[in-house]
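Peer 1: Okay, handing you the structure first.
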């Protein structure tokens with residue numbers, strides 16, 4: 001029984017430390033530029049978001065969520081007149097009248113750490129070359145500080161094989177390639193190679209999520225200790 005008790009304590013400590021280290025990133029819908037070729041059978045915004053989400057969720061210590069207007073925090077903010085409904089449409093990587101990024105303002109309502117918002121600049125298919133091309137630009141923004149951590153602009157291409165006729169095959173390949181490039185650029189900044197510090201590290205400002213995780217851990221351990229005292 002004592003071994004079980006300590007196993008629970010260790011597991012709680014491990015889970016709490018992991019939660020404290022994880023950052024949350026919200027992925028916003030893309031705006032669309034004038035060079036986006038409309039297509040009834042291929043929703044490029046949805047496909048691009050799905051492909052990029054698949055890339056970002058593989059980054060260590062990053063929890064990715066997609067923006068939805070139906071999120072309870074957003075619904076409550078609208079009801080309390082803390083944000084207008086028309087501010088919940090792309091483009092999200094543009095500045096508001098007070099100079100703050102729209103993505104950072106909405107991200108703060110969701111209580112996340114990071115936000116990625118951008119635009120599909122170009123999306124087309126050339127039947128002569130049997131080739132699809134897509135270009136995406138975007139900004140990774142620190143929600144707390146409003147700082148743009150990194151800006152990206154990448155293109156992807158996809159071609160039909162000699163025995164293929166479905167245009168969407170080329171489109172999907174182009175989307176997959178650009179998502180891989182954007183994901184790699186963000187991964188480089190969010191999960192850089194571990195290096196030994198060459199100078200004293202600056203004091204980091206308090207992390208509200210870590211503080212909440214610590215309080216929660218303390219309550220769990222206290223409860224376990226009180227329960228364990230019965231043994």
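Peer 1: Could you tell me the center-to-center distance, by alpha carbons, between the range 32-74 and the range 89-147 in angstrom?
Peer 2: 10
Peer 1: Based on other C-beta atoms within 10 Å, arrange 145, 22 from fewest to most. If you can, show how the numbers build up before the last one.
Peer 2: Working: 145 10, 22 14.
Ordered by Cβ neighbours within 10 Å, fewest first: 145, 22.
Peer 1: Return the Rg/Rh value of the range 24-190, two decimal places, where both radii are evaluated on C-alpha atoms and Rh is the Kirkwood radius.
Peer 2: 1.01
Peer 1: Applying a 10 Å radius around every beta-carbon, put 48-54, 100-106, 80-86 in order of their mean neighbour count, most first.
Peer 2: On the way: 48-54: 18.7, 100-106: 22.1, 80-86: 9.4.
So the peptides 48-54, 100-106, 80-86, ranked by packing, come out 100-106, 48-54, 80-86.
Values in this text are rule-based calculations from the coordinates and carry no lab data. A quick note: this is a predicted structure, and the numbers were derived from the prediction, not measured. Cβ sites come from the backbone with ideal geometry, for glycine too, and all protein chains shown count toward neighbours.
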